[in-house]
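The values are calculated or read from the model by the stated rules, or taken from the named source; none is laboratory data. Remember, it's a predicted structure, so these values are computed and weren't measured experimentally. We place every Cβ from the backbone using ideal geometry, glycine too, and count neighbours over all the protein chains shown. Calculation scope for accessible area: heavy atoms of the full protein, side chains included, ligands and nucleic acids excluded. Shrake-Rupley method; radii C 1.70, N 1.55, O 1.52, S 1.80 Å.
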6 protein chains.
Amino acid sequence: MNNNPDMPTALDLPPVSPMPEGMAGYFDKCVEKLGMVPNVLRAYAFDSDKFDAFSAMYNDLMLADSALTKLEREMIAVAVSSVNRCYYCLVSHGAAVRALSGDPELGERLAMNYRTAKLDTRQRAMLDFAVKMTEQSYRIEEADRETLRKAGFDDRAIWDMAAVAGFFNMTNRMASATDMRPNPEYHGQAR
Amino acid sequence: MNNNPDMPTALDLPPVSPMPEGMAGYFDKCVEKLGMVPNVLRAYAFDSDKFDAFSAMYNDLMLADSALTKLEREMIAVAVSSVNRCYYCLVSHGAAVRALSGDPELGERLAMNYRTAKLDTRQRAMLDFAVKMTEQSYRIEEADRETLRKAGFDDRAIWDMAAVAGFFNMTNRMASATDMRPNPEYHGQAR
Amino acid sequence: MNNNPDMPTALDLPPVSPMPEGMAGYFDKCVEKLGMVPNVLRAYAFDSDKFDAFSAMYNDLMLADSALTKLEREMIAVAVSSVNRCYYCLVSHGAAVRALSGDPELGERLAMNYRTAKLDTRQRAMLDFAVKMTEQSYRIEEADRETLRKAGFDDRAIWDMAAVAGFFNMTNRMASATDMRPNPEYHGQAR
Amino acid sequence: MNNNPDMPTALDLPPVSPMPEGMAGYFDKCVEKLGMVPNVLRAYAFDSDKFDAFSAMYNDLMLADSALTKLEREMIAVAVSSVNRCYYCLVSHGAAVRALSGDPELGERLAMNYRTAKLDTRQRAMLDFAVKMTEQSYRIEEADRETLRKAGFDDRAIWDMAAVAGFFNMTNRMASATDMRPNPEYHGQAR
Amino acid sequence: MNNNPDMPTALDLPPVSPMPEGMAGYFDKCVEKLGMVPNVLRAYAFDSDKFDAFSAMYNDLMLADSALTKLEREMIAVAVSSVNRCYYCLVSHGAAVRALSGDPELGERLAMNYRTAKLDTRQRAMLDFAVKMTEQSYRIEEADRETLRKAGFDDRAIWDMAAVAGFFNMTNRMASATDMRPNPEYHGQAR
Amino acid sequence: MNNNPDMPTALDLPPVSPMPEGMAGYFDKCVEKLGMVPNVLRAYAFDSDKFDAFSAMYNDLMLADSALTKLEREMIAVAVSSVNRCYYCLVSHGAAVRALSGDPELGERLAMNYRTAKLDTRQRAMLDFAVKMTEQSYRIEEADRETLRKAGFDDRAIWDMAAVAGFFNMTNRMASATDMRPNPEYHGQAR
């Protein structure tokens, strides 16, 4: 076991060395924008192809154009991570919800029990769908998609919602499987 | 709802047109190798960036070098999909297990209840971990990783195992959320 | 443990010897009609009274006159066995659904997740009831029976439906408890 | 709905008329021995073949020779019915455990939570197996059967145990599905 | 372990000695009214402050003025204890329901599966709420409180209902955690 | 519904007026020590007896002498509240863990998934017991108490642990049932 708290996970997987230019540049940009390199990126740095594939998918899902705002995508991330009780993602994406919303309490409510948050009908439908996908995806049927359409989402928005909820069901499990350790900076952010 | 059975999902998301060269080439290669374009690829074809990100991650996980054989990665895919009761992935990856193993019954056992399959200790430990990640990832602790190490997996193999199990927890949910429809060709393959 | 794959279960219970005439005749009829003796019958052959009681109940439930067609009774068998993840019954009754319906995909959908199958209202109500009986029978109330009546079932049909669903909740558990092994012939049938 | 509390279930299925001689004789014997006709028998009386099949299987399982005593078979019945929260079977077989054991508290403990009963290792292993079969039969493996063998059960006893546990998983569900109503006489028996 | 069946729990916690006057008087009153000292009180007798706090809360909840009758509060106690499978509380409060209602069967139905009891709309809504609080309190929302208001409960009655249901979720767990042993007198009462 | 965010719950239950001297004094002491009156106390202020019973039990459990430190009792509170996803208690007792431990991350880990916290054997055994009491108290047996004794707890400490875990299973449910609203001051405390 990797007990060194400075390492991003419990697995002994040192970063590729020397670090490829693209990865190094990405890390520099993180430091510039966020003041740190999120540990999930450090965790993937042992393999260049895996790093590229993960960051490409992440950036497309969370930052590219979408009918869902960036805040809404982070809200899905936190509601899904709450069901899965993923410490890494609750800490890092909880901070993102607090920062993007300017509403620290919203981040806490989504991390602990999204049903207690005051949400409009559209956002509530979005999170209900993401949580159903997380808890029992095999029970999703056309009626669930119709509920989303009635709440104002078109089919492209439904895809994006499902893709974000699906993605965090992957990363939550990666984080728990490897004991991924959130950067301590997140804890105090936007409280 | 998209009721047209020829469409890859229940969402109305037609492919980008004209199809970018890279995607078209990829589709051609699929037809050449598999005799068809798997519907999961057709489902992502509405957006070039999403298509590229998905196929890059898929190919790295399932086809790149790893301490896990291709068959073992497919076995994880099927065991995870069985927990999530994902029709698309059980059909398509069930066929892959039958074909790669030359053991049709193995594919059926993994799809229905992997505990009934005759597996050696190493593969059983691998599937137990993948299924625990799927059912209750938040209960994974160092003891679970130690069990894998004792079964002969190094930390890189553990990463790969977790990554495949995580990935199918994403795609199972995308498939259920969008009613993804498996190509009919899979049903009769390698029976 | 009985590791001999030719034995019908993991229990060491050889058939009564000499085989009683009735049982022997029954086995002959199976070979004539099905080309084999289903292993569930071989499993019960260690005791003549148990064999007779089981086959009498099975034949009455699955073959006698009923408002439910034989295919519908097999559909219930598969949907129930899917919840219970019973390998023996999914293999043997999955084959029966494929054969009786002439629709191989229907068998697969019921075995993996009946919610993805295209069913008319009547058959969907029937399987919803059978699955509720399987998952949480203690929550069934008059409203559930009323739903069936509105879907066109009379009280006798409701009894038959409940009896078939109940029966497979018994046999699924017998099969799992004894590691009952399906005849290999089933795998390729009606694909 | 059949609201008449004198009817054995909520289904409107009157007994065959005239009652066949065998059934009538069976009812007479019940009255003679038990002072009543158990409602489960009245429930099956609408169809002679079903009545015969059910009573043949019941009598073989609960009364024929076995390595399990009659009390032990009733103990399994109650522990299984407790998991399934089946009112009919808890009332009727709870009374049987109280009567056969001469220990009213034992009946209550098994009906409410068998883990609180003082049981020897053998009977505890037996009920643990029956309850695992009820809660998650798909997780039973050879190790579970080995535990029973170490507790002193041979393979025939394991079969009998599984058969009784399986049977009550059927009848519990039939009782809940049809709102089967226990004879009021049971309540005060052997308190 | 405290194996002495005369002791109120498995913990070795003898009563304060000499017994404080208040506690002694309370015990006398129990003997006078109930013919015994309920073991839950004997269990708390090792500490005077804990005894006082527990009995003050118990008496306020179960005996003080409320829009809920004493029987209704006992009905909640039993329905909650049934979900938690708490032997002590099912035995003691089951007896209370039988005695207060004069309907022995009602006590049995609530202990085994309250959904099978014939209840009016108001009492059914009350028990549905108490059971939802017990099974998944985090899913309770304003709609659940509105259902109660429509069934005729004002906000004070809702508080009382929640308080009783909450209290038994505490005491059920205390009883199971300490192996609390019900006084044998309860078993035969009001049958 | 009481939508006024200044009210302590969704129930319309104004405080007794005039406020009894004892309650008023208690509130003054809260303001003096904590800078606020915790909303759970304001919630109980509608009835003097209920207020007194609740605060007596709370103070005895959380503040009186015990083999468990005050921090350990708060740790139990948070681990239990996490299972029950109780927003009120996670916010208020999460703040207490952060403050008493001087380790903000500990509070977050317990609120999100206590299995990820670095705990010594004794504290881990304590939280495992509290969480088992919360998730499935009916499965607690003597072996669980023996595990605690081996971890260094005597029977009085086991009682205290069970009592705190039981208590939060009550208050979590009261908070969810009434939509109890945590004072906003907690959010920024001891981050």
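With respect to A:Ala175, determine if the residue is of a type in the set (A, V, I, L, M, F, W, C) and either at the interface with chain B (Cβ under 8 Å from one of its Cβ atoms) or free of Cβ contacts under 8 Å to residues at least 60 places away in the same chain (or both).
no
In region C:163-178, what residues are open to solvent by 10 Å² or more (accessible area, probe 1.4 Å) and among the β-branched types (Val, Ile, Thr)?
C:Thr171
How many residues does region C:1-36 contain that are part of a loop (DSSP other than H, G, I, E, B) and without any contact (Cβ under 8 Å) to a residue 24 or more places away in the chain?
Within region C:1-36, residues that are part of a loop (DSSP other than H, G, I, E, B) and without any contact (Cβ under 8 Å) to a residue 24 or more places away in the chain number 8.
Is there a residue in region A:98-110 that is within 11 Å of the chain's Cα centre (by Cα) and farther than 25 Å from F:His93 by Cβ?
Looking through region A:98-110, none of the residues is within 11 Å of the chain's Cα centre (by Cα) and farther than 25 Å from F:His93 by Cβ.
Among the numbered criteria (1) open to solvent by less than 10 Å² (accessible area, probe 1.4 Å); (2) within 15 Å of the chain's Cα centre (by Cα); (3) small (Gly, Ala, Ser), which single criterion is violated by A:Ala10?
It is condition (2) that A:Ala10 fails.
Residue check, E:Leu148 against (1) open to solvent by less than 10 Å² (accessible area, probe 1.4 Å); (2) facing chain F (nearest Cβ under 9 Å); (3) more than 20 Å from the chain's Cα centre (by Cα), all met but one. Which one?
With (1) open to solvent by less than 10 Å² (accessible area, probe 1.4 Å); (2) facing chain F (nearest Cβ under 9 Å); (3) more than 20 Å from the chain's Cα centre (by Cα) applied to E:Leu148, the lone miss is (2).
Taking C:Pro38 as the residue in question, decide whether it is under 18 Å from C:Asn172 (Cβ atoms) and surrounded by 17 or more Cβ atoms within 10 Å (Cβ to Cβ).
Judged against the criteria, C:Pro38 is a match.
Considering each residue of region F:178-191, count those that are farther than 25 Å from E:Lys132 by Cβ and in contact (Cβ under 8 Å) with a residue 12 or more places away in the chain, and give that number.
7
Of F:Asp179, F:Asp160, which residue is within 14 Å of F:Arg85 (Cα to Cα) and either touching a strand residue (DSSP E or B) at 6+ places or on another chain (Cβ under 8 Å) or acidic (Asp, Glu) (or both)?
F:Asp179
On the given criteria, is F:Val78 of a type in the set (Val, Ile, Thr) and assigned to a loop (DSSP other than H, G, I, E, B)?
So F:Val78 fails the test.
Given the conditions (1) facing another protein chain (nearest Cβ under 9 Å); (2) surrounded by 19 or more Cβ atoms within 10 Å (Cβ to Cβ), and given that B:Asp49 satisfies all but one, which numbered condition is not satisfied?
(2)
Every residue, every condition in (1) within 14 Å of chain D (Cβ to nearest Cβ); (2) surrounded by fewer than 18 Cβ atoms within 10 Å (Cβ to Cβ); (3) modelled with pLDDT of 95 or more, yes or no:
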position: C:Cys89; (1), (2), (3): yes, no, yes
position: C:Ala95; (1), (2), (3): no, no, yes
position: C:Gly107; (1), (2), (3): no, no, yes
position: C:Leu110; (1), (2), (3): no, no, yes
position: C:Thr121; (1), (2), (3): no, yes, yes
position: C:Met161; (1), (2), (3): yes, no, yes
position: C:Met180; (1), (2), (3): yes, no, yes
position: C:Asn183; (1), (2), (3): no, no, yes
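Output yes when any residue across region E:14-27 is at pLDDT 95 or above and closer than 17 Å to E:Thr171 by Cα, and no when none is.
Within region E:14-27 (the criterion being at pLDDT 95 or above and closer than 17 Å to E:Thr171 by Cα), the answer is no, since none of the residues qualifies.
Could you figure out which of (1) within 20 Å of D:Asp52 (Cβ to Cβ); (2) open to solvent by 40 Å² or more (accessible area, probe 1.4 Å) isn't true of C:Tyr44?
Every listed condition holds for C:Tyr44 apart from (2).
Give me a count of the residues in region A:132-144 that are facing chain B (nearest Cβ under 7 Å), part of a helix (DSSP H, G or I) and surrounded by fewer than 22 Cβ atoms within 10 Å (Cβ to Cβ).
Going through region A:132-144 one residue at a time, the tally reaches 2.
Against the condition among the basic types (Lys, Arg), part of a helix (DSSP H, G or I) and more than 14 Å from chain E (Cβ to nearest Cβ), how does F:Arg191 come out, does it pass?
Judged against the criteria, F:Arg191 is not a match.
Quick one: which of E:Arg73, E:Arg85 is under 16 Å from the mean Cα position of the chain (by Cα), outside any helix (DSSP H, G or I), among the charged types (D, E, K, R) and closer than 22 Å to E:Lys132 by Cα?
One residue alone meets the criteria, E:Arg85.
I need the full set of residues from region A:148-179 which are in a loop (DSSP other than H, G, I, E, B) and of a type in the set (D, E, K, R), in order please.
A:Asp154, A:Asp179
When you look at E:Asp128, is it within 12 Å of chain F (Cβ to nearest Cβ), among the acidic types (Asp, Glu) and assigned to a helix (DSSP H, G or I), yes or no?
Criteria not met by E:Asp128.
Pairs, please: C-beta under 7 Å, at least 6 apart or cross-chain, first residue away from chain D (no Cβ under 14 Å) and at positive phi and in region E:68-83, second crowded, with 24+ Cβ neighbours inside 10 Å and of a type outside the set (Lys, Arg)?
none
Yes/no matrix, rows are residues, columns are (1) closer than 21 Å to A:Gly102 by Cα; (2) surrounded by 13 or more Cβ atoms within 10 Å (Cβ to Cβ):
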residue	(1), (2)
A:Pro14	no, no
A:Met23	no, yes
A:Phe54	no, yes
A:Leu71	yes, yes
A:Val78	yes, yes
